[in-house]
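As structure tokens, the structure follows; a few thoughts come after it.
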Amino acid sequence: MQILSNFCRPRVFPPIRFNHGSTTGLWTAITVAVIAVLLLPAHPAYAASADDPPTADEPVADGTAQAPPDFRFTPVGGWFAVRGGYSLTRADSDLYDFYFDNLTLEKSDFNQGLFGVDFGWVINPRVEMIFGFEYLTTTASSEDRYYVDEFDAPITQETRFRQWPLYAKLRFNLVPRGKQIGSYSWVPNRVVPYAGAGLGMTGWEIYQFGDFVDYTDLSIFYEEFLARGWAFSYGVFGGAEISVTPGVGVLAQVDYNWAKDNLPPAFAGFDPIDLTGLRISFGVNFRF
């Protein structure tokens, strides 16, 4: 640990607070864009009779073309989805309390933008198996809460918090995905609400660097702190999928996941880190 020549003194003005995570703006923009897709009007499902299966565009009495019916020749067998959203971290362990007590960090600074990819296999019209992964990240700037340096400048740090969960889930559709019409067509339901549960492993990392105060002699030193690991995780989720075309849907989903992990030896004396959080995401689902 390198000790710098300057020393700190108690700050005599309220701490300056920094907005957290430069990545938050990017993920907010992605979320807004996906919400806009959700609001686009979807083509209504077309129900054909068994004796008159859907056909291609046909002229009607006024000479205009009839819109093609929304159907598939076979039911959905699988799908993959891409999601973007935001995670609200519970931050309920003493490592976070140490940050909150000594640095100008708050719980909201550990909320994360997220990106996820899911792969699903349809077991039956009501049950589906999902495998997937997510990447969550945020970066926050902070200062020492009580001290400034000898020039009255803040003592600053950067904190990066990342997670990358891998999981398997069971999804239960509250209504079937669609219905068979005759022998040649399958029509998707317009809206399919769902719920489910899953488990997996969550990789995580907290990386902190910058200037810090040695509270024994009030000297200022530069340091980098890194903690990372893998934790068992489990959770529940629910949402709704809206058909845009027979092969494409949009979805909104809420997950709540529980996880905690022991910190490395350099963080001796701290309880396991809390990785639990609520995740809200929106995405596009491609069916095959």
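All of the numbers you see were taken from the coordinates with simple rules; none came from a lab. Keep in mind the model is a prediction, meaning the values are calculated, not measured. Here the Cβ positions follow ideal geometry from the backbone for every residue, glycine too, while neighbour counts run over all protein chains shown.
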key: Student exercise, segment 209-268 dipole from Lys, Arg, Asp, Glu Cβ charges, in Debye to nearest 20   = 400 debye
inquiry  = Given Cβ point charges of +1 (Lys, Arg) and -1 (Asp, Glu) and nothing else, what value in debye, to the nearest 20, does the dipole of segment 146-217 about its Cα centre take?
reply    = 1640 debye
